Structure formats: structure tokens, C-alpha cells
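Working notes, beginning with the structure itself.
Each value in this text was obtained by applying a stated rule to the coordinates, not by laboratory testing. As the structure is a computational prediction, the values presented were derived from the model and not from experiment. Cβ placement follows ideal geometry from the backbone for every residue including glycine, while neighbour counts extend to all protein chains displayed.
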Number of protein chains: 4
Amino acid sequence: MAIGILCSGGDSCGMNPAIKSFVDYVYANNETPYFIYEGFEGLIDNKIKKAEHKDVAGILHLGGTIIKTSRSKRFFETKYRKQAFENLQQHNIDKLIVLGGDGSFKGLHVFAQEFPINFIGIPTTIDNDIYGTEYTLGVDTALNVIKDALDDIRDTSSSFKRAFVVETMGRDSGYLTAISAITSGAEICIIPEVAYDLKSIKTRLNKELEHGREYILAMVSEGTKKTEQIAKFLEKSIDIETRVIVLGHIQRGGNPTVFERRMAHSFIINAVDKLLTSSAIQNICVYTKNEFKFMDTTSVVSQPKQLNKELIKQIEFMTK
Amino acid sequence: MAIGILCSGGDSCGMNPAIKSFVDYVYANNETPYFIYEGFEGLIDNKIKKAEHKDVAGILHLGGTIIKTSRSKRFFETKYRKQAFENLQQHNIDKLIVLGGDGSFKGLHVFAQEFPINFIGIPTTIDNDIYGTEYTLGVDTALNVIKDALDDIRDTSSSFKRAFVVETMGRDSGYLTAISAITSGAEICIIPEVAYDLKSIKTRLNKELEHGREYILAMVSEGTKKTEQIAKFLEKSIDIETRVIVLGHIQRGGNPTVFERRMAHSFIINAVDKLLTSSAIQNICVYTKNEFKFMDTTSVVSQPKQLNKELIKQIEFMTK
Amino acid sequence: MAIGILCSGGDSCGMNPAIKSFVDYVYANNETPYFIYEGFEGLIDNKIKKAEHKDVAGILHLGGTIIKTSRSKRFFETKYRKQAFENLQQHNIDKLIVLGGDGSFKGLHVFAQEFPINFIGIPTTIDNDIYGTEYTLGVDTALNVIKDALDDIRDTSSSFKRAFVVETMGRDSGYLTAISAITSGAEICIIPEVAYDLKSIKTRLNKELEHGREYILAMVSEGTKKTEQIAKFLEKSIDIETRVIVLGHIQRGGNPTVFERRMAHSFIINAVDKLLTSSAIQNICVYTKNEFKFMDTTSVVSQPKQLNKELIKQIEFMTK
Amino acid sequence: MAIGILCSGGDSCGMNPAIKSFVDYVYANNETPYFIYEGFEGLIDNKIKKAEHKDVAGILHLGGTIIKTSRSKRFFETKYRKQAFENLQQHNIDKLIVLGGDGSFKGLHVFAQEFPINFIGIPTTIDNDIYGTEYTLGVDTALNVIKDALDDIRDTSSSFKRAFVVETMGRDSGYLTAISAITSGAEICIIPEVAYDLKSIKTRLNKELEHGREYILAMVSEGTKKTEQIAKFLEKSIDIETRVIVLGHIQRGGNPTVFERRMAHSFIINAVDKLLTSSAIQNICVYTKNEFKFMDTTSVVSQPKQLNKELIKQIEFMTK
């Protein structure tokens, strides 16, 4: 019986290194790896192909995913899941590795309760918002892409007295924004998890501007929808020329960092080992306290990930 | 008598390398270099300081300008220009190098007709829109910053069937957009100088999508204000998921390229040599056919720069 | 009483972000931060200065250390350590943070047994070879600098049938080499900790070359002194054109990564908190299982760091 | 009749962008493009394939050459050239574009005098040492790769009082070294074309070290074989800790710059236009004074390229 891999949901920069490790490691275990293209959509449409070493040569440094991803509505319907299962049967695939997020894991869970399929989900999203794991594939690369942009912006900031409001991705989680704010020395950090107080921010910034500050960097999480509000606040209340930069999809690209590649490699090794040595396994592989473990899918998808309290403490001075 | 340097208008990545060459080269000629901070604003407010070697150590790789720039309204008024001249007199400065664009050169021209000041303007803007010169400082770095972003975007594009509309800077000139479109293999290029035909673009793209195309890159020049229109066209008429990315101020930052640093160095050497060997010189230093020459300020500021016809020819297939 | 910081031994890319966090965090705690320039040499020569916020503005993205480092022979002598202590007394400094490695910690330990000085050592070396901690400042940036070089080399490798032997830093530890080999998909990995077998490597590579392999990447750890041997082996026994690249000091430079900046920040916060709340503390701050802890200096410096067994297992296929 | 393209000699970063433009532009002219793999070696062995659009998708950002290159000894023999011609005839190819250097052009010239073949050579080498052209493909990318390494080295230089001797490529030409020295602010520049005087260098550096200089960067051209001599001079006569870095093959890799991609595009357009509209054409396409022209192969290969006098003047202060 063979092992298949698919990507589901938003793409992230850890996907290609994981796909390469998957092919190499499955062959090293004398098993047969399969690609399922375009996520659950491709699973339904039988876009399944035996993977070869040459498919994954030279992909380590590429962002995105060579086997494509999708968001599938059809997979919510029983008849399409049945079709998906028949496609797997046809290729003798009874084990799946899925790179994706909460939504994908939920679908997978339903699927594996209906049909005899073993799977391991590997948390893959640049938002780092999945319960039970300290890391999700794509985060370190996204953070470094943001850092490069902030370094470029800081250069130009020395030219004018000016404020920049930079919006980073993150629907419900302020993780990317918070880490970026800390590691790039921002003055303001606005994320969904922490309240902010413009009045005290104003007092603080005015004091610093009096003492010679000539540059203000405000990081705002997309999920707060406060980017424009903060920009107006800086223009009006602080009276400083302000530019807004929405980083957008640049954050999903970029050459995977070493940490990313290594985490991708370790997630895959742990997931493949588990699949090959267990029966009736339907888990999510998580990384916590420097170890890889396996959690019930239900536990993972039913609880919201909380921002680390230490991290919240570290950004609080940027919210008031 | 001493030589001063100032930056005026929008910042660009060629400014710091030029400032470093200025200090080193003026001292090598046994003359005294002066910094005028914050452009004409600082000139009016007497923010003038003798430059030292140590001020420019380690600035070659920084974007922006360490002596800051400004857009001055006061310099349009005679009384402030008089004040500016008195400040220069006070420091024994009778020669100026100005890094800026058309607007700055115009102000400078008026100033030099009223007071005995020699100056050379060095065209400095990422837009490459100044008449008489094939290059303006900042362009090569901006182009490579855009390229890096486009390479990141292309990575993620392999993950989904998707279109990206990327807006680059350029108020009246499509230069940055056109070169980026050519060198990154875009499918659509919308600039102020060239008409486009959505109907024929639709026919072309539909044909390519039928033949397997899975990614569309549309480059749009800020000055056309057509970014949203093109995005809607792709979503509605081409029926492909579309993301808009406005690159914004990232384009003004970044480590100056080798070409940038070299042009900055050569512009400065030519300008300083000219100032030291001429009297009553009020010119713009321009680069054309691989040579540095000097043009009347009036000729430079009174004529619009046209996009090279060869370049227009090279992008035409992306407009229809 | 005030807190001083100094760098000792080889420089690494985590030093500047740590120095910035130190200044900001000590002031946030209403204490006074001091810089001790040029390591123990500067401590002996009284190169001590109160640190200001403006000293650390804009240093986050710089490799190296703005307060310089040194390897001090004089600090081994009692009379110079006495002089060092008197200098600290003169500035009212009774707490020290030292960024360095084993050698520096040993000297510090002797010093603190002679004089009433509290200190926390923060492990800082690109070699990741300090006992008791999973991370030492500088490692992540060095790994990404190596990765960038390997990605460039891989590009050119597609042009010829060719082998590259790339030597990375690491006197006694193969950590950098091993991680680089895994995350860049090398074919050979030679490190001090693991025996290798050229005969079986030859069999393996010849088989792969027969099946179309056109590129061989061999990673060799500096400490093995086997770079030339491996190059000759590839030229002679495998009969493939081979190029040697010694990465050298490039590995100590580069813009600190986000992970680096964050670890630097967390090490500092933990170290400063500990110093401010403890008496008679003479420890090393270590990072293990995702937590920061404090260890006896003697325990840290008296035991060799072993490579993680999991890691050794992951590279074994590249040694035979 | 069809048009073929091949690479010959050392690889460079302009090759892939040129290959992409070649395929796209030949098809846009309704002609048929062919790849000849592995240079003249592949031509002799009939490794010839019709090129497709999909072969060149996503190669713009890759260094090296996807159609490989070689240095062919067999092509010096008549019987192999005859075989090469028969292979071309078999594919109906009577026009060739060759990306290479002097050696390749010489072979090509002999070939085209024996057989009815039209060709255009496009100067492609990172050394910029070909007579008659101001630019050869690969130079701008190599210069920026060197710059990135020098920027990294400079970071770490702030940590110690130290000298770096950096060796760049260039067998007979000091071009890369000279431009790098100017644009990175080196203190010493040693190239084959300019004599140097260690005695006066010593006087100059000692004076600067007295005035606080803490870092020395010496750029040395590979072709001078003086790297070790300069390192010893710095260690012994200047008495400063010195590190040698040989950049080596890293200089042939890297993501092609915008300038590179644009030059590749323009060289190809000019070469293809010429081949399609001329008969009996056996020329080299050269770039001079901002224009593309065509020169006799004999004129190009029989004369050594001289370094620009202006450039020599700009580095002279670093040689004494």
C-alpha cells in the first residue's frame, strides 16, 4: 500500500521542502510516494501520480507548492468524498499526509471516519494559529520576508521625518505582526489579541518626537482592520507624514529559510515513521517543547490557539 | 570657497553612495565639503555642517539619505531664498550639488539667477523621468527591489491558478513598470504612455489559459490609476482568482546595487570636476550614450522625458 | 549599581540585536546600562561608557558587534583581572552580561570567584558547540548565509557536470555542516563526529551518476581538515570535475534573521531579569526544550556538547 | 530553416534569461528555435532538440544555463566539425546564436568558413574581457554577488581591528575587482593592468590607522596571483590581523539582476533580427555607447580588451 501527499488551503513556503523530504524519505523506506495535485479538488478529480526523485530535484529553494493547493467546497459533500476514496483505492493508497490548516484537518477528519484511511496532518500556514503546535510550516520564511521589507523601509525612513504603517497577514492571529514588531523595533503594534490605547500612545510618541525621534513604525495585523485608522491617527493626532504599506501576498513567497527546511524535514520524517508503524492513525503532528508529538484531530481543530503570554507581555509597551 | 551638497524631493537609493563619493572626492581635491541637511528647508534654516570622512563611513549599503531631504514650499518665496543665500555666504559656500528632480532644479535655477551661486544638479529619482538623461539615480536599485518582490510572488503563483496585479511607482512615467514587465516575463503591462485593449488581451489570455497557462502577471503603473480596473477585468472577464499588490515605498529602499553605486560615483566626479574648473556654471549633469555631459537647466526642466521607442515596442505585445 | 555588557571571542551575528535589547530593556527597568568595548581587553583598559538609546538605533540589521570583541591573553593574569575589577568599581558596575563562548565563560568564572561580581553568560558562537544549550547566538544567521551561498552554487551547477566541495566553519563541531547538508540536499557530509567510508560513497555515487546525476554537493566541516582529500577523491575516484569553495568569514556576517533577533531579545530579557532579582549569581543562560534556564558556569564549560543523535542519524546516509 | 542556440565556455548568469528571450522571440517571428545542449560537444554528439515555450517558463531567476555548456577539444578537429555540420543539416538549422567568449568565437569562425552557417556570437563571460563590447553577459550579476559578500564581510569587520583580502575572479582582466573596489570602498586594489607600490601603500595605511582606521579591505584579482602576498604584507608590514576570502564559484551563481535580464533580452533581439534579415552573416553582437552593433569575429578575437582609462584612474589611489 502506498502513501500520498496533498496540500490544502493557503500556500506557504514550507510546502516544497516538505514535499521533497516526503519523496526522498518514503523511497528510503522502500515504500511508494504519490502526489495528489490541487488538494482535495485534485483528489476528487483523480489527479494522482506516482512521485519520482526527479520531480523534487531543485525545489528546496522555491516558495509555494509544486503539487498545487486548493480550497475545496465539493469535499464537504459525501458523494465527492466517496469518489475521492475510490481514487485512492484505485492507486492502492491507504495513507495520507496533508499539509494544511484547521479547515483542511476538519474535512480530513470527516473523511477518515467514513473510509478506512490513515492520515497525519502537518500544520502548514503562515499565521501560526493552529492549536497544540508551537510552529506551523511557512512561519519562519514569512517572518524573514517581512523583515527584509521592514529593513528596506527603515532605510528610506532616514530621509524624511515620517511614519510607516505596515500591515502584515494574519486573519485571527497577531503572531506575525507581534514577532515582526519586536524584532524590527516598531513603536506601535496592533493585533487582535491585545487592546490598544491611542491616547497613551499619543503621549508617548509626542514625548519621543520632542526628544528627537524622526521615524515611527507601526505594525498592524490584517485581522484588526485598523490599518487606516492608525494611519489617520498618525497623520492627524501626531501630525507626521504617514505612508501605508500592505505587504500582502509577498509574505507567502520567498526562498524557504534553513529553519523552515529543517522543520519541514522533521515534520515529514516523524509523520512518515508514524504512518508506517501504526494502524488506524488519524492525527495531527505537532511541535512542542522541541519535540514532535501526535494529537487527536478533534483536539486540534476544536480549540483556538492562544498567543503565548510571554509574547503578549513583550509587545504591550507598543500598545499604549 | 567651499562646496555644499543637498538632497531635494523624493528620496532614492542612489543618494547615500553619491554623498559618500562627494565627501571623499572633494577632500581628495583639497577642497572642503559641506552637508546641507533637509534640502532647501535646511538651507533656509541654516542646517549646514562641514562634512567629515567619518560621517560617510559605512553608508554605501544604505538606502535613503543620511542628510535627509524635503519638499520646500518656502523656497518659492524670495525672502527665504535670500535667507538661504546668506546662510551659504556665512559658510563661504559658493558651489552647490543638488540631488533631486525637475521641481528641485526649477527652484535652483531661479535661485542661481538671483544670487551668485554655481551649481550642478544630479538627476535623482526612481522614476527615470528627467529629460536629457538616460539614467537618474535610484532607478537600478528600485528595479531590483521590484524584481525580488516579483520573484517571491512568482513562487507562490505555482500553488494556485491565479493572477497577480502588481502596481509599481511612477507618476507620469511608465519606465519602472515597463522594464519590470519585460524582465520578469509579465503578461500584461499598463503604463501611461501606451494605449491598451482589454478585448484583445482577453482573447490572447483565454487562448493561453486553454493551452495550460496557470499564472498571469499584470504590471500596472501607479500613474495610470488602472490597478483596480485591471484586477476587476481579470476576475470578471477572465474569471481567474486575482490578487492586487501595491509595492509602494518598498521601492525606495534597499541596498544600492553596484550599478547604482558606480553611477553615483561617476555623476559626483563629473559634477565636482566641472564645478571646480568652471565659473558661472548652472547646469544639470546628464548621462547619455555612455557619457556624462552638462545641459542647461532650462532645457532639462522644460521638456518631458519620452519613453524610448525601442522600449515601447518591446512591451506592446503586453498591451493587446 | 549598574549593569555592563561585553562581547568576547569570535564575533557572531546575534551580538548587535542582543546589545540593542540590552540597552532598551535595562532602561525600561530604570537601571543604567554600560558598554564595555573590546571585550576583556577593553575591560582591563577601562574602555567603559554609559550606553544611550541612540547608540543602538538602527543596529538590528547589522552583523558583527558595535562594541567590538577581543580574545584577551592578559585576562589570564591576576593583576589585569584586578585592574578590570577596579574599572568596574569606578563605574559602579557590579553586574555583567557577557556574550561569548566556553573560553570567555572560563575566564569570567575565575574573575567572579576573586571579586564580588554577578554575571550571566549568554552563549554566542556560530558553532553551536556549548554544553547545556540547544542554541547559541549567531547560528541561525550563519546557516542562512551558508544556504544563500549553496543556492547560488546550485544554480551554476546546472551548467556543467560538476562536483562542489564546500567547507563550512566549525572547529570541533559539525553542527553547521550537518544542518546545511540536510537542508540543502547534499550528497556527502563530512563532520568530526561521524566516520565516513569513501569506498561505499564511491559505490553509491557511481550508481547515481549512471542514473543521470549531474551534480554532487559535498559539505565538509573545517575541523575535519578533509576538504582537499574529498576534492581529490571526487576528481580521481569519481572522475568528475570538482571545485572547492571555502566559505570562511562570510559566515560571520549578514543581516540577523528574525529567529536570531528574537533569541537575542529573549536571552537578554531572561539574563537581565535574573541579574536584577538575584544575588551572587554567576551563571550561564541556556535554552533548552523551548525554555530559558540558568546553569552553573562549571557545568557548562567542563563538558563537551554532543551532536543530537537524531541529527547524526539524519546525515548518516551522506557518509557512506 | 531553423535557428539554434548553444552555450560555450564558462557559465554565467546571463545565459538563462538570454535562452528564454531566444525561444519567445524566435516564435514571435514565426520561426523555429532549437536548443543545442552542452555546447560544441553536444553539437558534435547531436544533442539537439526543438525548444518549447514550456522549457523556458520560470528560468528567468536562475543562474547558470539550462542547456548546459562545455569546453570542447574535439571541435578543433575537422572531422568533428564536419559531424557537427551534418547534425545541423539534419535539423534544418542554418543559423546559430552562440553565448560564449573569445575561445568559442574562434572555433565558430573556423567552422563558419568551412560550412555554410550563419552565426551571431553574444559575448558571455563574467570577466568583461572581450574586445569591442562594453558589456558581456553575466557581469552585472557577478558584481552584485560580490557586493553582497563584501557587505557581509564589512559587518563583521566592525567587531575586530582587522584586514580582509578578498580575491575575485578574472584571469587576465581586473574589471570585476576594480569595480568592486570602487563601489565597496576598498583601501587596496590589485589588478593585472595596474602596477602597485607596497611601500607607499604602507605609508598611507599606517597614517590612516593612526587616525583611527580599524578596518582594511583589499581586493585582489585572481589573475595577479598576489592574494597571499598581500595577506602577508598586511600581517607583517602593517601588523594587522588578516583574513583571506577567495570568493570562487559563488560569483558565477545568483539570481540575474534586472540589468542582466534586460541586456540578455536586447542582445537576443538584436542577434535574431540580424540573423533573420541578413545572409552570410558571421558576426559578434557588441554593445557600445548604449547601442548594439555587429563586428567581424576576427576583429573581436584578435585584440585584447583594455580596461577603460577612466576606470584605471579611479582605482589608482588604491594602488599606492
Problem set entry | Over 24 Å (Cα to Cα) - which of D:LYS199/D:LYS232; D:LYS54/D:LYS95; A:LYS106/A:LYS225; C:LYS236/C:LYS313; D:LYS20/D:LYS274 fall in this group | A:LYS106/A:LYS225; C:LYS236/C:LYS313
Exercise. Taking the DSSP beta bridges in the protein assembly as shown as the whole, what percent of them are antiparallel, to the nearest 5?
Worked result: 20
Seminar exercise, completed: Taking A:105-117, B:153-165 and ranking on average Cβ neighbours within 10 Å, highest first, one gets B:153-165, A:105-117
For this session: Would you please give the residues with an amide H less than 5 Å from that of A:GLY4, counting only those at least 5 places away or on a separate chain, with H modeled from the backbone geometry?
Result: A:TYR34, A:LYS95, A:LEU96, A:ILE97
Seminar exercise, completed: Rounded to the nearest 5, the percent of antiparallel DSSP beta bridges in chain B equals 20
For this session: Any aspartates and glutamates with Cα under 16 Å of the C:LYS320 Cα? List them, leaving off those in the same chain fewer than 8 positions away.
Result: C:GLU187, C:GLU193, C:ASP197, C:GLU208
Exercise. Which ³J(HN,Hα) values, rounded to whole Hz and listed in residue order, are derived for region C:71-79 from phi using the Karplus coefficients 6.51, -1.76 and 1.60 in 6.51 cos²θ - 1.76 cosθ + 1.60 with θ = phi - 60°, glycine and proline given as x?
Worked result: 10, 9, 7, 4, 5, 6, 9, 4, 4
For this session: In whole Å, largest first, what are the principal axis extents of the Cα atoms in chain C?
Result: 71, 37, 34
Problem set entry | Counted charge near A:TYR80, where neighbours are those whose Cβ lies closer than 11 Å (Asp, Glu -1; Lys, Arg +1) | +1
For this session: Search the structure for amide H atoms under 5 Å from the amide H of B:PHE294, placed 1.01 Å from N in the peptide plane, and list their residues when 5 or more places away or on another chain.
Result: B:VAL286
Exercise. Counting only the backbone N, which residues of region D:115-136 are under 11 Å from the spot 7 Å out from the Cα of D:LYS293 toward its beta-carbon?
Worked result: D:132-134
For this session: Please give the helix C:102-114 orientation as an angle from the longest Cα principal axis of chain C, in degrees from 0 to 90, rounded to the nearest 10.
Result: 20
Exercise. Per residue of the protein assembly as shown, what 222 nm ellipticity follows from adding -39500 (n - 2.57) for every DSSP H run with n ≥ 4, rounded to the nearest 500?
Worked result: -12500 deg cm²/dmol
Exercise. Arranged from highest to lowest average of other beta-carbon atoms within 10 Å per residue, in what order do the peptides B:172-182, B:30-40 appear?
Worked result: B:172-182, B:30-40
Problem set entry | Projected-area mean, region B:139-252, by convex hull of Cα positions, square nanometres | 6.4
Exercise. What is the local net charge at B:GLY223, summed over the other residues whose Cβ is closer than 12 Å to its Cβ (Lys, Arg +1; Asp, Glu -1)?
Worked result: -3
Exercise. What's the angle, to the nearest 10 degrees (0 to 90), between helix A:139-157's Cα axis and the longest principal axis of chain A?
Worked result: 30
For this session: Can you give me the P(r) profile for the protein assembly as shown? Cα pairs, bins 10 angstrom wide beginning at 0, each as a whole percent.
Result: 2, 9, 17, 22, 23, 16, 8, 3, 0, 0
For this session: Report, as an integer, the average count of C-beta atoms from other chains found within 10 Å of each Cβ along A:162-168.
Result: 1
Exercise. Against the longest principal axis of chain D, how steep is helix D:227-236, in degrees 0 to 90 to the nearest 10, with axes from Cα atoms?
Worked result: 10
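Ignore the peptide's own chain and count Cβ atoms of other chains within 10 Å of each Cβ in C:64-74; give me the average, rounded.
So the per-residue partner count for this stretch is 3.
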Problem set entry | Length gained when the stretch C:GLU77-C:VAL110 is fully extended (0.36 nm per residue, less Cα-Cα span) | 10.8 nm
For this session: Show me A:231-238, D:194-201 ranked by packing, highest mean number of other Cβ atoms within 10 Å first.
Result: A:231-238, D:194-201
Problem set entry | Anchor A:LYS68: aspartates and glutamates whose Cα lies under 17 Å away (excluding residues fewer than 8 positions away in-chain) | A:ASP11, A:GLU38, A:GLU41, A:ASP45, A:GLU52, A:ASP55, B:ASP152, B:ASP155, B:GLU214, B:GLU241
For this session: Would you mind telling me which residue in D:GLY100, D:GLY63, D:GLY248 has the biggest mean-square fluctuation in a Gaussian network model of chain D, where springs connect alpha carbons within a distance under 10 angstrom?
Result: D:GLY248
Exercise. How well do other chains shield peptide C:255-267, expressed as the mean number of their Cβ atoms within 10 Å of each residue Cβ?
Worked result: 5
Exercise. Using the Karplus equation 6.51 cos²θ - 1.76 cosθ + 1.60 (θ = phi - 60°), what ³J(HN,Hα) coupling, rounded to whole Hz, does each residue of region C:296-305 give in order, writing x for Gly and Pro?
Worked result: 4, 4, 4, 4, 5, 7, 8, 10, x, 6
Exercise. In a GNM of chain B with a 10 Å cut-off on Cα contacts, which of B:HIS91, B:HIS265, B:HIS211 has the highest mean-square fluctuation?
Worked result: B:HIS211
